[in-house]
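The values are calculated or read from the model by the stated rules, or taken from the named source; none is laboratory data. Since the model is a prediction, treat every value here as computed from it, not as a measurement. Positions of Cβ are backbone-derived with ideal geometry, glycine not excepted, and every protein chain shown enters the neighbour counts. For accessibility, only protein heavy atoms count, side chains too; no ligands or nucleic acids. Shrake-Rupley method; radii C 1.70, N 1.55, O 1.52, S 1.80 Å.
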Amino acid sequence: MERLIKGFIFFFLLLSHSVNAQQKITWPHHKKAVIVLTYDDALASQLKTAIPQLDAAHFKGTFFLTGMSRDAIPKWRAVSKNGHELANHTLYHPCLSATMPDNPVNDSQHYTIYGILREIDAQNNFLYAIDGKTTRTYAYPCTETAVGGRSYVDSLRRSGMIKYARIGGDMDAIITDFKKLDLLLVPSYGLDENASGAKLIAFVKKAEQSAGMGIFMFHGIGGDYITTPSASHQELINYLKKHKKTIWVATFQQAMDYVKSKQTELK
């Protein structure tokens, strides 16, 4: 009998631990999931195609910007005034030369941690001159979290320059374990060239089914590189608009501010 009682106690402790580990966030206004639309590299096709599609649906995106031409600055200022988030992607987008062989000057292997932090700080100042905001989120260039063979995540954390940071991932990068989520290592879905609308919508459906958060990492929309066809992007926007009662479309900072506020309840 004693062994049976101990067995029941162990079973219930295990069940309790499992429920705790799978504890989910309740999204605002009874939404089933949150989708975050992010766009990298300050590309012309984003200004030409992605932003008009977002604006027509009254959705706001997050644009991780690198240094840009003088002519583009007024355009991005207008994007910010319309409610989109301008976020930090460094000035010069350093990456390993194996990833970006056409950009040897900014080979991240030759960067120091001090150098990358200084560049992030300079981009923060540049973005402040555009939108006047002092709180900034970040995306690691080429999803690399190291320079010169050393991780700079903890140094970035200690610097206080960045509130939240996005990394890469794949179609399985649906976030459900918010208790353990590192706010400076937030995964996203990095898209392949010419992704179909059906593939984009499938990712949203996975987020809905798991009551989680799905973050898209776009580059070109209808042009530039790592291009998502404009028709595919529009299909995604149409789906999100059709399901706006159950899906919260938020900027990266909005979504992460909410997650951070809920993390304290999960501890």
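Among the criteria (1) surrounded by 17 or more Cβ atoms within 10 Å (Cβ to Cβ); (2) modelled with pLDDT of 95 or more, the one Thr134 does not fulfil is (1). Scanning segment 78-97 for residues that are touching a strand residue (DSSP E or B) at 6+ places or on another chain (Cβ under 9 Å) and not in a loop (DSSP other than H, G, I, E, B), we see that the one that is surrounded by the fewest Cβ atoms within 10 Å (Cβ to Cβ) is Ser80. When Glu265, Glu235 are checked against the criterion of being farther than 15 Å from Tyr189 by Cβ, touching a residue at least 24 places away in the same chain (Cβ under 8 Å) and among the charged types (D, E, K, R), Glu235 stands alone in meeting it. Report yes if some residue within segment 74-97 is of a type in the set (Asp, Glu) and modelled with pLDDT under 95; otherwise report no. No, segment 74-97 contains no residue that is of a type in the set (Asp, Glu) and modelled with pLDDT under 95.
Does Gly197 satisfy being touching a residue at least 24 places away in the same chain (Cβ under 8 Å), more than 25 Å from Asn124 (Cα to Cα), buried (at least 17 other Cβ atoms within 10 Å of the Cβ) and out of contact with any Asp or Glu (no Cβ under 9 Å at 6 or more places or on another chain)? Criteria not met by Gly197. The set of residues in segment 25-37 being at pLDDT 95 or above and either aliphatic (A, V, I, L, M) or crowded, with 23+ Cβ neighbours inside 10 Å (or both) consists of Ala33, Val34, Ile35, Val36, Leu37. Residues that are open to solvent by less than 40 Å² (accessible area, probe 1.4 Å) and acidic (Asp, Glu) within segment 141-170 comprise just one, Glu144. Number of residues in segment 217-251 that are of a type in the set (A, V, I, L, M, F, W, C), crowded, with 18+ Cβ neighbours inside 10 Å, touching a Gly at 6+ places or on another chain (Cβ under 9 Å) and assigned to a helix (DSSP H, G or I) equals 1. Mind listing whichever residues of segment 98-129 are within 19 Å of Asp40 (Cβ to Cβ), open to solvent by 50 Å² or more (accessible area, probe 1.4 Å) and among the polar types (S, T, N, Q)? Within segment 98-129, Thr99 is the sole residue that qualifies.
Of everything in segment 47-61 that's in a loop (DSSP other than H, G, I, E, B) and not hydrophobic (A, V, I, L, M, F, W, C), which residue is nearest to Tyr239 (Cα to Cα)?
Per the criteria, the residue is His58.
Residues that are open to solvent by less than 20 Å² (accessible area, probe 1.4 Å) and either assigned to a loop (DSSP other than H, G, I, E, B) or over 16 Å from Thr137 (Cα atoms) (or both) within segment 62-71 comprise just one, Thr66.
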